Amino acid sequence: MAEDIKSLDQKELEAFLISLGEKPFRAKQIYPWMHVKHAECFDEMTDISNKLKEKLKAACELTVLQKVQVQCSKIDGTRKYLFALADGNMVESVLMKYKHGNSVCISSQAGCRMGCRFCASTLDGLVRNLTPGEMLDQIYRIQKDIGERVSHVVVMGTGEPLDNYDSFLKFIKLLSDENGLNLSQRNITASTCGIVPNIRRLAEEKLQITLALSLHAPSQEKREELMPVAKKYEIHQVIDACEYYFKQTGRRITFEYSLVAGVNDSENDAQKLAALIRGQNCHVNLIPVNPVKERDYVQPELLAVLNFKNKLEKNGINVTIRREMGRDIDGACGQLRKRFIERQGGS
């Protein structure tokens, strides 16, 4: 399989070019073409020789995602992108425009094997992991499409980033590299459903990214109903791993909590949640669940959402309700990709 050159850091790129009989300084020419100017082919790289371009074409791949479809929200300008990978697999990314800048939500896998009951991403299982270059290029294509810089990145699209740990870690380092997009790690958030050993591994890296835990339940029993991964990692183990992440990094944890009517949205659930996370340096993000036609989960009434929020606040928990973006354009993770695949007859 040809080398995915966009997944190499500058030192690895130097070593790769040396293996082709080239001088290491060529890496300083090629790297910005990929990560600053977002070249779509080697022929765009005007300061390298035709001979080197031919060598690169023969020896490696330059990952460039193909834009298949874009949906644009008439409500808030959110854009949902469907990108094709080189092997024909599809991934989704979302651009959200805020006053503070452009935020892009990217996918880390094609499909997902975590099986969370309220999520469209996981309905067809995991197809494969994405390379660091494929994760980066979702951002690069969107930047090129809108002609503006991306200031915030969330890894909350299709897939579980900590199930693709090595590629995810490399992606973070490339994204925050001063020779590339040079995005502050404090402007990067990654969402995990709670793979305990890899939360602890990530903590040891002492990165400055925000970790968002998909908690979604106040008890082990209820979490198992919603998230099969809970059968492997008990809820208190997950909370302890999050506390360890905070101790190692100083970064406040975000607990994501999808509110599902009649399932996890009662005042009793709020009381149990407050007791579970009390004492943690954390923030709770309440998310009224996005309806998915394959599941029968529905959003709670606004009053139930506000009551839940108020109960947490009375218990001293920092909490917000997530502002809904792109509801009119298949806003939930995995919906656009799934509909496209269904229209293609599942191929």
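The values are calculated or read from the model by the stated rules, or taken from the named source; none is laboratory data. Just so it is clear, the model here is predicted, and its values are computed rather than measured. Heads up, the Cβs are rebuilt from the backbone with ideal geometry, glycines too, and the neighbour counts pull from every protein chain shown.
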_Return the pair list, or none, for Cβ contacts closer than 7 Å from residues in segment 38-54 that are at positive phi to residues that are among the acidic types (D, E), at least 6 apart or on different chains._
none
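Condition check ((1) at pLDDT 95 or above; (2) surrounded by fewer than 19 Cβ atoms within 10 Å (Cβ to Cβ); (3) part of a strand (DSSP E or B)) across all residues:
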site	(1), (2), (3)
F168	yes, no, no
I172	yes, no, no
R186	yes, yes, no
P197	yes, yes, no
E204	yes, yes, no
L207	yes, no, no
L213	yes, no, yes
P218	yes, no, no
*Out of V104, V154, report the one residue that is at pLDDT 95 or above, within 22 Å of M34 (Cβ to Cβ) and in the same structural domain as I209 (by TED's automatic domain parsing).*
V104
*Go through segment 65-96 and count every residue that is of a type in the set (D, E, K, R) and part of a strand (DSSP E or B).*
4
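One line per residue, one yes/no per condition, for (1) surrounded by 21 or more Cβ atoms within 10 Å (Cβ to Cβ); (2) part of a loop (DSSP other than H, G, I, E, B):
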position: R113; (1), (2): no, yes
position: D124; (1), (2): no, yes
position: R128; (1), (2): no, no
position: M135; (1), (2): yes, no
position: Q138; (1), (2): yes, no
position: D145; (1), (2): no, no
position: E148; (1), (2): no, yes
*If the Cβ limit is 8 Å and pairs must be 6+ apart or interchain, which residue in segment 104-124 that is acidic (D, E) pairs with which residue that is modelled with pLDDT of 80 or more?*
D124/G111
*Check D87 against each of (1) surrounded by 21 or more Cβ atoms within 10 Å (Cβ to Cβ); (2) under 20 Å from C41 (Cα atoms); (3) not hydrophobic (A, V, I, L, M, F, W, C) and name the one condition it does not meet.*
(1)
*Mind telling me which of the residues K97, K55, K37 ends up being closer than 25 Å to G159 by Cα, surrounded by 12 or more Cβ atoms within 10 Å (Cβ to Cβ) and basic (K, R)?*
K97
*Working only within segment 1-19, note down all residues that are modelled with pLDDT of 95 or more and among the aliphatic types (A, V, I, L, M).*
I5, L8, L13, A15, L17, I18
*Please work out if A332 is over 25 Å from the mean Cα position of the chain (by Cα) and either in a loop (DSSP other than H, G, I, E, B) or modelled with pLDDT of 90 or more (or both).*
no
*Is it the case that L85 is of a type in the set (A, V, I, L, M, F, W, C) and in contact with a Lys or Arg (Cβ under 8 Å, 6 or more places away or on another chain)?*
no
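Look through segment 245-272, keep the residues that are of a type in the set (A, V, I, L, M) and more than 24 Å from the chain's Cα centre (by Cα), and return whichever of them is surrounded by the most Cβ atoms within 10 Å (Cβ to Cβ). Full working, then the answer.
From segment 245-272, those of a type in the set (A, V, I, L, M) are 253, 259-261, 263, 270; that's our starting set.
Imposing the further condition that a residue be more than 24 Å from the chain's Cα centre (by Cα) reduces the set to 261, 263, 270.
Numbers: A261: 15, V263: 20, A270: 28.
Out of the qualifying residues, it is A270.
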